[in-house]
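Working notes, beginning with the structure itself.
Please treat every number below as a calculation from the coordinates, not as lab data. The model shown is predicted, which means the values in this text are computed figures rather than measured ones. Every residue, glycine among them, receives a Cβ derived from its backbone with ideal geometry; neighbour counts consider all protein chains shown.
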Amino acid sequence: MKLNKHVSLAILAAGMMTFACGGGGNETQKSGESTTAPAPAEEKQTPGEKNKDNPDFVKGLALVKENDCPSCHMVERKIVGPSYAEVADKYEYNDENVETLASRVIAGNVGEWGEIPMPAHPNLSKEDAEQMVKYVLLLK
């Protein structure tokens with residue numbers, strides 16, 4: 001009889017420890033599942049945060065700000081011309097598109113984004129226009 005009393009006390013003690021250590025809750029867990037909390041979702045970086053150290057992005061942004069681009073374009077919102085984000089969504093970042101778009105910036109263009117013409121920028125060098133286009137395309 002003494003053995004049964006000791007066994008009963010041991011079972012009672014084990015049950016109390018289990019409950020005290022968090023094992024007595026109503027939550028159920030499937031076999032093989034982890035009890036650790038899931039990792040926090042990775043924060044999505046803005047293109048500016050993602051490209052802050054990219055020299056093409058930094059130089060292009062500076063050139064865009066120095067020129068008259070902001071009078072017709074914004075990053076996320078259409079003003080007179082398309083937003084930079086719309087351009088980045090439409091064109092893949094590659095050498096051919098950079099060259100094509102830079103030539104349109106210099107020569108001016110109409111019809112790609114509606115009937116409002118983009119004025120020519122003949123005083124802009126090809127290198128600067130390409131740098132600005134790279135900035136815009138990196139906003140994707």
Positions within the range 83-104 being among the small types (Gly, Ala, Ser) and surrounded by fewer than 16 Cβ atoms within 10 Å (Cβ to Cβ), in sequence order:
103
Please enumerate the residues belonging to the range 96-122 that are under 29 Å from the mean Cα position of the chain (by Cα) and either small (Gly, Ala, Ser) or in a helix (DSSP H, G or I) (or both).
96, 97, 98, 99, 100, 101, 102, 103, 104, 105, 114
Given the conditions (1) under 18 Å from residue 134 (Cβ atoms); (2) assigned to a loop (DSSP other than H, G, I, E, B), report the number of the one that residue 56 does not fulfil.
(2)
Taking the range 69-82 as the search range and keeping residues that are surrounded by fewer than 18 Cβ atoms within 10 Å (Cβ to Cβ) and free of Cβ contacts under 8 Å to residues at least 40 places away in the same chain, which one is farthest from residue 116 (Cα to Cα)?
76
Counting just the residues of the range 116-129 that are in contact (Cβ under 8 Å) with a residue 12 or more places away in the chain and surrounded by fewer than 22 Cβ atoms within 10 Å (Cβ to Cβ), which one comes out farthest from residue 67 (Cα to Cα)?
116
